[in-house]
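The values are calculated or read from the model by the stated rules, or taken from the named source; none is laboratory data. Here the structure is a predicted model, which means the values were calculated and not measured. Here the Cβ positions follow ideal geometry from the backbone for every residue, glycine too, while neighbour counts run over all protein chains shown. Just so you know, the surface numbers come from the protein's heavy atoms only, side chains and all, with ligands and any DNA or RNA stripped out. Shrake-Rupley method; radii C 1.70, N 1.55, O 1.52, S 1.80 Å.
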Amino acid sequence: MGIFSRKNNETATATAPAPVNPDLAALTGDYTIDPSHTTLGFVARHAMVTNVKGSFQEFTGTLHLDGSDPSRSTAVLDVEMASIETGNADRDGHLKSADFFRTEEFPKMTFRSTKVEALGGDDYRLTGDLTILGTTKPLTIDLEFNGAAKDPFGNERVGFEGKAEILRSEWGLTWNAALETGGVLVSDKIKLNFDISAIKNA
């Protein structure tokens, strides 16, 4: 059962609120994303034939979860663009340069949620504003709730997995190079993946 799931009540009227599982309601509160147990990753097609994977190593974020009304939940994320890593120092440097993220001029990428929907079971949809290079566009993330538990240090944790796709050109990331065999070096479509662990605030 998902973090915001509600029990079905066939006898309830269409306008009556569904009863809330007390265990789920107990998760309501403010959470801080734990960078040491969270991955913010991406995948881009390279030279039309292979995938390059990368992630951001430095970021901060918060969640507000409402166990009785998922639409009142929120998420905030700030990412240090210079912390990008793809396993190749030269490529990382190029991504930080004026061809791509211009990290000296635009050091942060930000996300601010605007809508949360419960899709049933453990599935949710998070919509918000993603800002890159000073351009803000909507982003929709499909999320799966992985569970909640108390860790050995007494922290109350929740976990989510998420995925989304964007066209980087919509944020002004248009650099590319043509291939002799046709096509381009870097795909416009970028796949985003998130593995999030957050700790409930005291």
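Restricted to region 92-119, and to residues that are outside any loop (DSSP other than H, G, I, E, B) and open to solvent by 80 Å² or more (accessible area, probe 1.4 Å), which residue is nearest to D66 (Cα to Cα)?
Out of the qualifying residues, it is K115.
Please enumerate the residues belonging to region 40-64 that are of a type outside the set (S, T, N, Q) and either over 15 Å from N193 (Cβ atoms) or open to solvent by 80 Å² or more (accessible area, probe 1.4 Å) (or both).
Across region 40-64, the qualifying residues are R45, H46, A47, M48, V49, K53, E58, G61, L63, H64.
List the pairs whose first member sits in region 103-128 and is at positive phi, whose second member is crowded, with 18+ Cβ neighbours inside 10 Å and not in a strand (DSSP E or B), and whose Cβ atoms are under 7 Å apart, counting only residues at least 6 apart or on separate chains?
Correct list of pairs: G121/G2; G121/S5.
Among residues belonging to region 66-89 that are in contact with a helix residue (DSSP H, G or I) (Cβ under 8 Å, 6 or more places away or on another chain) and in a helix (DSSP H, G or I), point out the one that is farthest from G159 (Cα to Cα).
A82
Can you confirm whether region 151-160 contains a residue that is open to solvent by 20 Å² or more (accessible area, probe 1.4 Å), closer than 23 Å to D69 by Cβ, touching a strand residue (DSSP E or B) at 6+ places or on another chain (Cβ under 7 Å) and in contact (Cβ under 8 Å) with a residue 40 or more places away in the chain?
Taking every residue of region 151-160 in turn, at least one turns out to be open to solvent by 20 Å² or more (accessible area, probe 1.4 Å), closer than 23 Å to D69 by Cβ, touching a strand residue (DSSP E or B) at 6+ places or on another chain (Cβ under 7 Å) and in contact (Cβ under 8 Å) with a residue 40 or more places away in the chain.
In region 121-143, what residues are modelled with pLDDT under 95 and open to solvent by 40 Å² or more (accessible area, probe 1.4 Å)?
G121, D122, D123
Suppose we filter region 28-39 for residues that are in contact (Cβ under 8 Å) with a residue 12 or more places away in the chain and open to solvent by 30 Å² or more (accessible area, probe 1.4 Å); how many remain?
Of the residues in that region, 6 qualify.
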